[in-house]
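First the structure, in the form of structure tokens, and then the observations on it.
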Amino acid sequence: NGNNQAANARMVALLELEPGARVLEVGPGNGRIVPHIVVAAPEVHYTGIDISSTMVEEAARFNADLVASGRAAFHLGTAEQMSFADGSFDRVFSLGVIHFWANPARPLSEISRVLRPGGKAVLGCLAPRSANESNRPEYGFFLREASEWDALCRTAGFAKVKAEELESKMIAPDGTPISRYTVQLMAWA
């Protein structure tokens, strides 16, 4: 959670949330970003969808007050087949999840589908330059260059896409400073 604070703050800023925004997070994990999302603008409503029942339970537990007030909801499900109506959300975001998609065409199409016209998706993942010995397809990692993500988003139906590789400074588990490279995608429906 500590290493993710800067990325989470950047994500909240990139979402450019307006009052009453309906926000979907694909892969919220333990839900630690949710309190930052719902206070970014008045009356923001957050929804999270995750493939792990353990993470859905943990996120709902951590955000129990927001769930009780109706400001947050968590659902068990996949990005490949979301149970939300077309145009349900003003913003969709995902951080550190899309590099696990072997075939991202369907999840990207679903994200495009659930966004309202003019809605914005912000997606972030590891860049190939950050790969280590465990970030390989046989271990569930499918790292792609920014240009490949750009093309995939356009094929999925997004009207406008901006994809770029970013460098950020982090602290390794042993305490040494390291550079981490990520791909940041912004795509508009």
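Applying 1/(1 + (r/R0)^6) with r as the Cβ-Cβ distance of Arg10 and Glu138 and R0 = 41 angstrom yields a FRET efficiency of 0.85. Over all alpha-carbon pairs in region 127-189, figure out the percentage whose distance exceeds 16 Å. Tail fraction, whole percent: 55. I'd like to know which of Tyr181, Thr155, Tyr139 lies farthest towards the positive end of the charge dipole of region 134-189, counting +1 on Cβ of Lys and Arg and -1 on Cβ of Asp and Glu. Towards the positive end, the residue furthest out is Thr155.
Each pair of Cα atoms in region 87-166 enters the Kirkwood radius, and Stokes-Einstein at 37 °C and 0.692 mPa s then converts it into a translational diffusion coefficient of 251 µm²/s. For the chain, the 222 nm mean residue ellipticity estimated from helices alone, with every DSSP H stretch of n ≥ 4 adding -39500 (n - 2.57) and the total spread over all residues, rounds to -7500 deg cm²/dmol. In region 111-155, whose amide N lies under 13 Å from the spot 7 Å out along Cα-to-Cβ of Ala172? List them in ranges. Those under the cut-off are 132-133. Placing a label point 7 Å from the Cα of Ile51 along the Cα-to-Cβ direction, the residues of region 1-45 with a backbone N closer than 18 Å are 25-31. Backbone N atoms of region 93-115 closer than 17 Å to the 7 Å Cα→Cβ label point of Ala41 belong to residues 93-94, 115.
Please state, rounded to one decimal and in Å, the Kirkwood hydrodynamic radius that region 18-147 gives when every pair of distinct Cα atoms enters the mean of 1/r. Let's see the in-between values first.
Details: mean 1/r = 0.0655 Å⁻¹.
After inverting the mean inverse Cα-Cα distance, the result is 15.3 Å.
Every number in this text was worked out from the coordinates using simple rules, so none of it is lab data. All of these numbers come straight from a predicted model, not from anything done at the bench. When we count neighbours, we look across all protein chains shown, and the Cβ atoms used for this are built from the backbone with ideal geometry, even at glycine.
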